[in-house]
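Engineer: Input: one structure, supplied below.
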Ligand code: GN1
Ligand code: MG
């Protein structure tokens, strides 16, 4: 997306219902899609109050207004559930700051869409599991999210990205880009391409089970990275699930799997040294316990049995997406250095390989945790 000019910036800030005087602003590097800024306001009597401001990536999210309709509706629903459970909705769900016109997002005169959230203080978003209990906590939080939204009318949600976790469609796009090879990079990644093609059958598993009526569609988060849960700095407990841009109908196994591919690895998603990347069965077990606990009996036996498959499929799909973007010239996921998407792809494919090596253990762990 284009650079934000001072004029554009001032226009945007003036159009949100902010209190106080803006005293500082910084750009946050978290997230691969939207641009995120941290604003600090000085409010008389309250002191310094922080706020999150984001420019929505309109190449990725074609209908930002629909996206914000989902966010408003899901957060209002969660707010009610949190209050019923005696929780604090100011801290346990996202809170949208409206525009001066009372809208959940602002379309500026440059054609960019912006939205703003209250900042949750004294909490951290982690890119890597630093303490195993954080990973467990994130599992409970995503499980809870699933449970709290179990009766949410799934058909009222907009599909913010068509076919987002349609692994088959991702694979088809990948094969087309390999054929087209627009930057001549395919020859550099023959092994990775073959690894993907040798496992094509993974893409059909969940759609087939859905068509046979053996697994349900649920309201899912679809981007369940550890970094999308805020962890309380004092208590180390998960407070709030963030990044609701891709809340859509989906499979619980995919929400589980996306967390595993990101968090049950011994290294960061973009670690260039593959020797450092290993699939951790301990973290897999810990997350499985937390997720099943958080879901509170919502998952069917079939869904539980398919959790390892969800882990493998989501890791495989992410590998495909990163590799496709590398071949396309890094146009989708933000990169901060050369080959970052290739490194991201390689960590995912290595994790898939290791899951295959530990396949029986993964099934055993799920059985052990459940019964
Ligand atoms: C993107 O923007 P962020 O970091 O929350 C992506 C996810 C990927 C993830 C990989 C809309 O999420 O699907 O799994 O990067 N979001 C979108 O880290 O494509
Ligand atoms: Mg996201």
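Engineer: So is residue 308 surrounded by 24 or more Cβ atoms within 10 Å (Cβ to Cβ), over 30 Å from residue 58 (Cβ atoms) and more than 11 Å from ligand 1 (Cβ to nearest atom) or not?
Structural biologist: So residue 308 fits the description; yes.
Engineer: So residue 70 ticks every box in (1) over 21 Å from the mean Cα position of the chain (by Cα); (2) surrounded by 15 or more Cβ atoms within 10 Å (Cβ to Cβ) but one. Which box is left unticked?
Structural biologist: (1)
Engineer: Further question on the same structure: Look through region 18-52, keep the residues that are under 18 Å from residue 334 (Cβ atoms) and more than 16 Å from ligand 1 (Cβ to nearest atom), and return whichever of them is farthest from the chain's Cα centre (by Cα).
Structural biologist: If we take residues in region 18-52 being under 18 Å from residue 334 (Cβ atoms) and more than 16 Å from ligand 1 (Cβ to nearest atom), then 26 is farthest from the chain's Cα centre (by Cα).
Engineer: Would region 350-361 turn up any residue that is farther than 20 Å from residue 196 by Cβ and within 18 Å of the chain's Cα centre (by Cα)?
Structural biologist: No; the residues of region 350-361 include none that is farther than 20 Å from residue 196 by Cβ and within 18 Å of the chain's Cα centre (by Cα).
Engineer: Moving on to the next point. Filter region 242-264 for residues that are away from ligand 1 (no atom under 12 Å from the Cβ) and surrounded by fewer than 24 Cβ atoms within 10 Å (Cβ to Cβ) and give the result.
Structural biologist: The one that is away from ligand 1 (no atom under 12 Å from the Cβ) and surrounded by fewer than 24 Cβ atoms within 10 Å (Cβ to Cβ): 249.
Engineer: Do the conditions hold for residue 109, that is, is it out of contact with any strand residue (DSSP E or B) (no Cβ under 8 Å at 6 or more places or on another chain) and either within 20 Å of residue 160 (Cβ to Cβ) or in contact (Cβ under 8 Å) with a residue 60 or more places away in the chain (or both)?
Structural biologist: yes
Engineer: Give the residue that is farthest from ligand 2 (Cβ to nearest atom), with candidates limited to residues of region 296-335 that are out of contact with any helix residue (DSSP H, G or I) (no Cβ under 8 Å at 6 or more places or on another chain) and modelled with pLDDT of 95 or more.
Structural biologist: Top of the filtered list is 301.
Engineer: So, of the residues in region 332-356 that are touching a residue at least 24 places away in the same chain (Cβ under 8 Å) and farther than 14 Å from residue 269 by Cβ, which turns out to be surrounded by the most Cβ atoms within 10 Å (Cβ to Cβ)?
Structural biologist: Filtering first and then ranking leaves 355.
Engineer: Evaluate the following for residue 163: is it out of contact with any helix residue (DSSP H, G or I) (no Cβ under 9 Å at 6 or more places or on another chain) and assigned to a loop (DSSP other than H, G, I, E, B)?
Structural biologist: no
Engineer: Considering each of 288, 293 in turn, give the residue that is under 29 Å from residue 323 (Cα atoms), part of a helix (DSSP H, G or I) and more than 16 Å from ligand 2 (Cβ to nearest atom).
Structural biologist: Just one listed residue meets the conditions, 288.
Engineer: What number of residues in region 205-237 are under 16 Å from residue 258 (Cβ atoms) and within 16 Å of ligand 1 (Cβ to nearest atom)?
Structural biologist: Final tally of qualifying residues: 10.
Engineer: Kindly list the number of the only condition in (1) more than 16 Å from ligand 1 (Cβ to nearest atom); (2) more than 28 Å from residue 147 (Cβ to Cβ); (3) surrounded by fewer than 16 Cβ atoms within 10 Å (Cβ to Cβ) that fails for residue 15.
Structural biologist: (3)
Engineer: Let me ask something else. Across region 143-169, what is the number of residues that are away from ligand 2 (no atom under 16 Å from the Cβ), closer than 29 Å to residue 193 by Cα and surrounded by 18 or more Cβ atoms within 10 Å (Cβ to Cβ)?
Structural biologist: Of the residues in region 143-169, 1 are away from ligand 2 (no atom under 16 Å from the Cβ), closer than 29 Å to residue 193 by Cα and surrounded by 18 or more Cβ atoms within 10 Å (Cβ to Cβ).
Engineer: Looking at region 170-199, which of the residues that are in contact (Cβ under 8 Å) with a residue 12 or more places away in the chain and part of a loop (DSSP other than H, G, I, E, B) is surrounded by the most Cβ atoms within 10 Å (Cβ to Cβ)?
Structural biologist: Among residues in region 170-199 that are in contact (Cβ under 8 Å) with a residue 12 or more places away in the chain and part of a loop (DSSP other than H, G, I, E, B), the one surrounded by the most Cβ atoms within 10 Å (Cβ to Cβ) is 199.
Engineer: Could you check residue 62 against (1) more than 23 Å from residue 10 (Cα to Cα); (2) at pLDDT 95 or above; (3) crowded, with 17+ Cβ neighbours inside 10 Å; (4) within 16 Å of ligand 1 (Cβ to nearest atom) and say which number it fails?
Structural biologist: So residue 62 meets the others, but not (3).
Engineer: Follow-up question, since we're still on this one. Applying the selection to region 219-238, what residues are under 18 Å from residue 71 (Cβ atoms) and either touching a strand residue (DSSP E or B) at 6+ places or on another chain (Cβ under 9 Å) or away from ligand 2 (no atom under 16 Å from the Cβ) (or both)?
Structural biologist: Selection gives 219, 220, 221, 222, 224, 228, 229, 230.
The values are calculated or read from the model by the stated rules, or taken from the named source; none is laboratory data. Everything numeric here is computed off the predicted structure, so don't read it as measured data. Cβ sites come from the backbone with ideal geometry, for glycine too, and all protein chains shown count toward neighbours.
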